[in-house]
Structure formats: C-alpha cells, structure tokens
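Inspection log for the structure reproduced underneath, given as structure tokens.
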Amino acid sequence: MVKLKSQKDGELMSKIAGYDAEAFELIYDRYSPLLYSFIKKIVNEQELAENILVDVFKILWSRIDDFDFKANNVYTWMVTLARNKSMDTLKRKKVNCDLPPYTDEYERLNIIPNLSKEIKALDVDEVYKMKNVIEEGFDKLTEAQKFVLNLIYFEGMNETEIAEQLHIPAPTVRTKLQVAMGNIFDHLKGTN
C-alpha cells in the first residue's frame, strides 16, 4: 500500500481497471472528502450526500472501463460523475419526475462523464494547490455572475431555465456565464 500512495491518480485508475482493491481504496481516500463536500453543497442533506458518495464509488468500480485512459483526467471525471449523480438524484426526488428509468444504458449516457479531450488533466493534489486562487477569482466576480454559476453548477439548471427564473434573455445568461468563467481563468493565468 505504501508504494501505491506515491502513484498518480491515473496510475491508480489503471490498477482499478485490473480490480486492484488497494488502488480503489487509495482513490477513495484521496477523493471522498472533496467529493462529499461537493455533493453536500448540491443536495444539502448529509445522509443523501453520503448515499450519493457511495453510489459514485460503486459506479467507478463497476464502470471503470468507461473512464478515458488516454485523456487520463481523473479529477474532472470524478467531480463530473459526482455532479451528474447528485443532479439526477435530486431530479428523481421530485414529485413530477419525468426522467426515464435508471438503467445501465441511462447511467452510461447521462451519469458517466464524457469529457472533451481539450480539458487539461488535473491531479487532485494540483487542484488543492489551486483552490485558493480559484476562490480568489470567484470572489472577484459580480453577484450576478456568482448567482448564475451557482444555478448552473449546484442547482443543475440550464440556460433556458435560468433565463425564465430571472426573466432575462437566454443569451444574457450565456454571456454572464462566459464572462464569469473567463474572469476566473484570467485570474488563474495571472497567478501562474
């Protein structure tokens, strides 16, 4: 186990593909605190967040072959998986849920991340190092930009839903989102 601790996330994912339980345990140890906090921010309920976290790691174990080993973007894949599962769970809790049944095919198409090859692969350690810089960039956004980002990422709303809720045109929502993300990325570039 000591030798595995020094391995990068991608190396551990390769071992998990070979059903290495120790590698799985290390990925769990690295990611569970981060993912739990992220999931809890979305669902705002401790027990539900704990259950979703367990589901995320079950999906990782059972669907490791759906991970893109060429891109090797473990951090973004894990966070996106947690977000997708959280959003789906919240939608299914609603009385008027119009989602199709949760099947293997549904999970593959709607829960498992399909990331762009252009997204830079990050290791969880790199993200922890960037955390303060990202928070500083977020703090510099206008309240409207923060609100739109929150609705998109933590409420699971799309641009049309946000436009309807705020009574503004969808292109205005898109512009706010693009400007907000651009400002955060500019802040990240300026600190490197």
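Every number in this text was worked out from the coordinates using simple rules, so none of it is lab data. Values in this document were obtained by computation on a predicted structure and should not be read as measured data. All Cβ positions, even for glycine, are placed from backbone atoms using ideal geometry, and neighbour counts span all protein chains on display.
Across region 94-192, Cα-Cα pairs more than 20 Å apart make up 55 percent of the total. Taking Leu53, Leu99, Leu35 in turn, the Gaussian network model of the chain (Cα-Cα springs below 10 Å) assigns the largest fluctuation to Leu99. If a spin label sat at a point 7 angstrom from the Cα of Lys94 along the line to its beta carbon, the backbone N atoms of region 157-192 nearer than 12 Å would be those of 157-158, 161-162.
Calculate the FRET efficiency for Asn44 and Glu143 from the Cβ-Cβ distance with a Förster distance of 30 Å, rounded to the nearest 0.05.
E(calc), rounded to 0.05, equals 0.90.
With each label modelled as a point 7 angstrom along the Cα→C-beta vector, the Asp20-Asn132 pair spans 3.3 nm.
Put a dot 7 Å past the Cα of Lys5, heading toward its Cβ, do the same for Gln178, and the two dots end up 4.8 nm apart. Here the calculated FRET efficiency for Ser37 and His167, from their Cβ-Cβ distance with R0 = 25 Å, stands at 0.15, rounded to the nearest 0.05.
The calculated FRET efficiency for the pair Leu122 and Phe154, based on their C-beta separation and a Förster distance of 22 Å, comes to about 0.65. Taking every Cα-Cα distance in region 1-122 and sorting them into 5 Å bins starting at zero, the pair-distance distribution P(r) comes out as 2, 11, 21, 22, 21, 13, 7, 2, 1, 0 percent.
Counting other Cβ atoms within 10 Å of each Cβ, which GluC sites (Glu not before Pro) in region 142-171 have at most 16 and sit in a DSSP loop? In loop regions of region 142-171 (DSSP not H, G, I, E or B), the sparsely surrounded GluC sites (Glu not before Pro) are Glu155.
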